[in-house]
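Asker: Below are the structure tokens for one structure; questions will follow.
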Amino acid sequence: MSLGGFAAATYHRAATYHRADSENGDHIDDPSDAAIYMLIDGLNDSDNTFVVIQPDENDPAW
């Protein structure tokens, strides 16, 4: 999968579920591709906001 030129990384231990959080407080559990694009599209370019997508586990193996 590619998001805006960023290649998705492959890990030995993949998380079953992920969560996505945006700086403006939006939170989606186990987001679909469409939901991720929606969060990215909703970013405020002038304020340099961000979206974090991470495994939904206490100690992810990064």
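The values are calculated or read from the model by the stated rules, or taken from the named source; none is laboratory data. Source: prediction; values computed, not measured. SASA here: full protein model, heavy atoms, side chains in, ligands and nucleic acids out. Shrake-Rupley method; radii C 1.70, N 1.55, O 1.52, S 1.80 Å.
Asker: Using heavy-atom solvent-accessible surface (probe 1.4 Å) with all chains present, what is the largest-first order of GLU23, GLU57?
Answerer: Result, largest first: GLU23, GLU57.
Asker: Now a separate question. Considering only protein heavy atoms, what is the solvent-accessible area of ILE40 at a probe of 1.4 Å, reported in Å² to the nearest 10?
Answerer: 70
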